[in-house]
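Data first, discussion second: the structure below is written as structure tokens.
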Amino acid sequence: MITLKNDTQLAKMRSAGHLLYDVLCAAREFIAPGITTMDINNFVDEKIRKGRGIPTELGYCGYPASICASIDDEVVHGIPSKHVRVEEGSIISIDVTLALDGWQADSCFTAPVGEISEDKKQLIRVTEECFWKGARMAVDGNRIGDVSAAVQQHAEAHGYGVVRDLTGHGIGKEMHEDPSVPNFGTPGRGVRIRRGMTFCVEPMIAMGHWKVHQLADGWTIVTNDHKPAAHYEHTLAITNGLPELLTYPGFSWDRLPKGENNI
Ligand code: MF3
Ligand code: CO
Ligand code: CO
């Protein structure tokens, strides 16, 4: 069931989103060669709680940590560990969900650790571009397939694989609500997008093939070919124009650089 949000509810989701933005900006600064993924987890957990939020990944379906930290061929749901140090040349995706006053926000970025290869830089850049191309289709009257197809087209134009096993999703009082927002699909198909909907667009893009599997820890998703993957996510609110990015305060569509790599 898709729940539409009224202005009061949207204001609460905006507050949650803005807290998450502050937390993720700080996390990005915190990442450095030599720290462990558990250091990042603890840093983020503390920041969320200082902002009176609740880290809702912790305990979600039994998930044992407050963030997902996925390195290189790990696509999503990497479990933080005090034994895993982030190394120069790696890329790391930090995916965090929190609740504030009962309302959820969900966002993820992939960052370089120190100096990385040109092909990893391009993977991160194109994954973010996939997000922008998909997100700008999230307007009243369009369909979810318009978002999905825009993401897929851009990724595949670069020869990348679109991970199919996981999708974006509605969000509100729950972390995961309807509708599902796949990163592959057909324009004009799927659920119609309406004002008041809130959902996450989150391309998970592999440098190689899209096929993935889960590790024995029951969570971590890695690419079958062990090529790196990147992930970028924001929580969107559908308005009467282009969507509002609840997890990106101050963002304006006018400021997104235009050109062949963007929109
Ligand atoms: N933040 C994730 C998402 O984008 C969900 C995390 S799964 C959890 O949907 F188990 F870590 F909570
Ligand atoms: Co997420
Ligand atoms: Co999500």
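In table form, for the structure just shown:
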item: Integer Hz, Karplus 6.51/-1.76/1.60 couplings in order for segment 125-138, x for Gly and Pro; result: 4, 5, 4, 5, 4, 4, 4, 4, 5, x, 4, 6, 8, 7
item: The chain: calculated mean residue ellipticity at 222 nm from DSSP helix runs of at least 4, using -39500 (n - 2.57); result: -9000 deg cm²/dmol
item: Highest-MSF residue in the chain out of CYS25, CYS200, CYS68 [GNM, Cα springs under 10 Å]; result: CYS25
item: Sorted peptide list for 164-171, 50-57, 210-217, criterion being average Cβ within 10 angstrom, highest first; result: 164-171, 50-57, 210-217
item: Anisotropy class of segment 133-225 from Cα gyration tensor, a/c 1.5 cut; result: oblate
item: Amide H within-cut-off set for VAL201, under 5 Å, with H built and near neighbours excluded; result: HIS234, LEU236
item: Entries of LYS50/LYS173; LYS12/LYS211; LYS82/LYS227; LYS173/LYS227 with Cα pairs more than 32 Å apart; result: LYS12/LYS211; LYS173/LYS227
item: Integer Hz, Karplus 6.51/-1.76/1.60 couplings in order for segment 3-18, x for Gly and Pro; result: 9, 8, 9, 7, 5, 5, 5, 5, 4, 5, 5, 5, 4, 4, x, 5
item: Anisotropy class of the chain from Cα gyration tensor, a/c 1.5 cut; result: oblate
item: Residue among ASP146, ASP119, ASP95 with the largest mean-square fluctuation in a Gaussian network model of the chain, springs linking Cα atoms under 10 Å; result: ASP119
item: Unit charges at the beta carbon, dipole of the chain: most positive-side option, VAL75, CYS108, GLN9; result: GLN9
item: Loop GluC sites (Glu not before Pro), segment 157-263 (other Cβ atoms within 10 Å of the site Cβ: 16 or fewer; DSSP); result: GLU174, GLU260
item: Estimated vicinal HN-Hα couplings, Hz - segment 81-96 in sequence order (Karplus 6.51, -1.76, 1.60; Gly, Pro = x); result: 8, 6, 9, 9, 9, 7, 10, 3, x, 7, 10, 9, 9, 10, 10, 10
item: Highest-MSF residue in the chain out of ALA27, ALA206, ALA135 [GNM, Cα springs under 10 Å]; result: ALA27
item: Between segment 195-226 and segment 51-86, the alpha-carbon center distance in angstrom; result: 14
item: For segment 1-115: rounded, prolate or oblate by the Cα gyration tensor [a/c cutoff 1.5]; result: prolate
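Read the figures in this text as sums done on the coordinates, not as results from a lab. The model shown is predicted, which means the values in this text are computed figures rather than measured ones. Glycine also receives a Cβ, built like all others from the backbone with ideal geometry; neighbour counts cover every protein chain displayed.
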